[in-house]
Amino acid sequence: MTAARTRLVLVSHSDALARGVADLAGQMAPDVDIVPVGGLADGALGTDFERIEAAVVGAPGEVCVLADLGSAVLTTQAVLEMVDDDIAARTHLAPGPFVEGAVAAAVAAQGGAGAEALVGVVREAAAAVATAAGAAAVEASPAAAVPSGAAPGDVVARTVVVVNPQGLHARPAAEVAQLASGLPAAVTIAGVDATSVLALMTLGSTAGTELEVVARGPGAAESVEAVVGLVASGFGEV
Amino acid sequence: MSAVTGVLDVAWARTWVQAAAVAVADAKDELTELDRQIGDADHGFNMDRGFQAAAAKVVDAPAETVGDVLKLVAMTLMSTVGGAAGPLYGTAFLRAAKVTTAPELGPDDVVALLEAALEGVVARGKAAVGEKTMVDAWTPAAAAAASARDAGADAVGVLEAALRAAEEGAASTVPLLATKGRASYLGERSQGHLDPGARSTVVLLAAALEAARA
């Protein structure tokens, strides 16, 4: 996974929107190649087949595309139907919320996730957004928190107190998610998947909050230690 | 190269595209107004941009079959329309191009063209009949074309039947509730309006018939 990170292509009707979301996502993923493709070549609102095609075809490796509305999605699908099979095979369109999906995908791509994995990350972002919006009907994916391969006996839990004044806001949440995605065990914090930056942010943990960190599977003890250590460190904000 | 009346060959296909460009330009304000009522008010503008570009391309581009012309239209629409109509009509023309490799289209070929176009629109837009989209015009058009062919109509007769059914299909979208595309955000307020994509489908099929009678 030390090869080129997955490129993110952000397709929007609006140039300003695509660039803005690219800036936002890039803040938490400095090494990810994020390509905004917004509006038409003359600056009007719309989606530009040729620029999407160029962003997909010109990538050195895997590509994950996020699109905002209707024609952005349809045009991306049309591009994937038209390009060579090998390019289509390494490119994945991730349906989901444009802003939250892009942020979550960028953080995961920074951690080395491939395009197919990013589709899952964006799907989780959709669930997190729905949950935050109070849509109780959308179930969070329990599979993400507990991989089926985890040994049931190997569970370690510890409690840690959030010490930095701002709590688990975007940047610390991204740091935790990045750390957790590289750990051998599956880690949850206060019941949510520790690799999901959005799930962590929706906890709304502020300074003084006690969080239960649970790791399941091989390397559970060291995984818990690593996450507890990072949270207790205050993320360089204390 | 001018089209011969009733012969659906490469010259017809080129004439169709020119006629479509003129018809879409004439309908530009109407399409935009329909789209203003239930969408983002860009359908007329986008279609006009796409078909002006397509007409300019097909004038002297080399083409051996009807499919060659339709493929050129597909590629041009994809890259110039800028709205959902680009990938939708682009895919429709692309699929139609694949089944129109004969130098001159007979009744079977016209049916195949319409069925392939419908399949392309459905594959891209994932809409079904009754969801207030261009599928509501393409579906009856393809079905009526097949019936006319079965009843012994010639290629132009098949096109006529398709156009008539598309017009009825488009009219049927007025009371429908939109569940696909931008209009779906309006919910019940989408009812009582003609779907712009169904209307532009009629404009394109009318141009195809006009070209065949030219």
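Worth a mention:
- Selected residue (only one of A:A78, A:A55 is buried (at least 22 other Cβ atoms within 10 Å of the Cβ), farther than 25 Å from A:G112 by Cβ and assigned by TED's automatic domain parsing to the domain that holds A:A115): A:A78
- Taking each residue of the range B:155-177 that is more than 15 Å from B:V135 (Cβ to Cβ) and in a loop (DSSP other than H, G, I, E, B) and looking for partners that are at pLDDT 95 or above and open to solvent by less than 10 Å² (accessible area, probe 1.4 Å) with beta-carbon atoms closer than 7 Å, six or more apart or interchain, yields nothing.
- Qualifying residues in the range B:117-128 (those that are away from chain A (no Cβ under 14 Å) and part of a helix (DSSP H, G or I)) - the one farthest from B:A13 (Cα to Cα): B:L118
- Across the range A:41-52, the number of residues qualifying as open to solvent by 20 Å² or more (accessible area, probe 1.4 Å), within 8 Å of another protein chain (Cβ to nearest Cβ) and assigned to a loop (DSSP other than H, G, I, E, B) comes to 2.
- Considering the range B:16-35, and only residues there that are among the β-branched types (V, I, T) and open to solvent by less than 40 Å² (accessible area, probe 1.4 Å), the residue that is modelled with the lowest pLDDT turns out to be B:T32.
- Candidates A:P152, A:P97 - the one that is farther than 25 Å from A:S205 by Cα and modelled with pLDDT under 95: A:P152
- Filter result for the condition that a residue is within 14 Å of chain B (Cβ to nearest Cβ), among the polar types (S, T, N, Q) and touching a helix residue (DSSP H, G or I) at 6+ places or on another chain (Cβ under 8 Å), over A:S71, A:S14: A:S71
- The numbered conditions (1) assigned to a strand (DSSP E or B); (2) in contact (Cβ under 8 Å) with a residue 40 or more places away in the chain are all true for A:A128 except (1).
- Scanning the range A:57-78 for residues that are part of a helix (DSSP H, G or I) and either within 19 Å of A:L17 (Cβ to Cβ) or of a type outside the set (A, V, I, L, M) (or both) turns up A:G70, A:S71, A:A72, A:V73, A:L74, A:T75, A:T76, A:Q77.
- Residue within the range A:207-220 that is in contact with a Lys or Arg (Cβ under 9 Å, 6 or more places away or on another chain) and open to solvent by 10 Å² or more (accessible area, probe 1.4 Å) present: yes
- Once the range B:93-106 is narrowed to residues that are under 15 Å from A:A78 (Cα atoms) and either surrounded by fewer than 18 Cβ atoms within 10 Å (Cβ to Cβ) or touching a Lys or Arg at 6+ places or on another chain (Cβ under 8 Å) (or both), the residue that is farthest from the other protein chains (Cβ to nearest Cβ) is B:F93.
- Every pair of residues 6+ apart whose Cβ atoms lie under 7 Å, when the first sits in the range A:74-100 and is under 11 Å from B:P87 (Cβ atoms) while the second is among the hydroxyl-bearing types (S, T, Y): A:T75/A:T47; A:A78/B:T91; A:L80/A:T91
- Selection within the range B:119-132 - open to solvent by less than 40 Å² (accessible area, probe 1.4 Å) and over 21 Å from B:V174 (Cβ atoms): B:G120, B:A123, B:R124
The values are calculated or read from the model by the stated rules, or taken from the named source; none is laboratory data. Predicted model only: the values in this text are computed from it and were never measured. Virtual Cβ from ideal backbone geometry, glycine too; neighbours counted across all protein chains shown. For accessibility, only protein heavy atoms count, side chains too; no ligands or nucleic acids. Shrake-Rupley method; radii C 1.70, N 1.55, O 1.52, S 1.80 Å.
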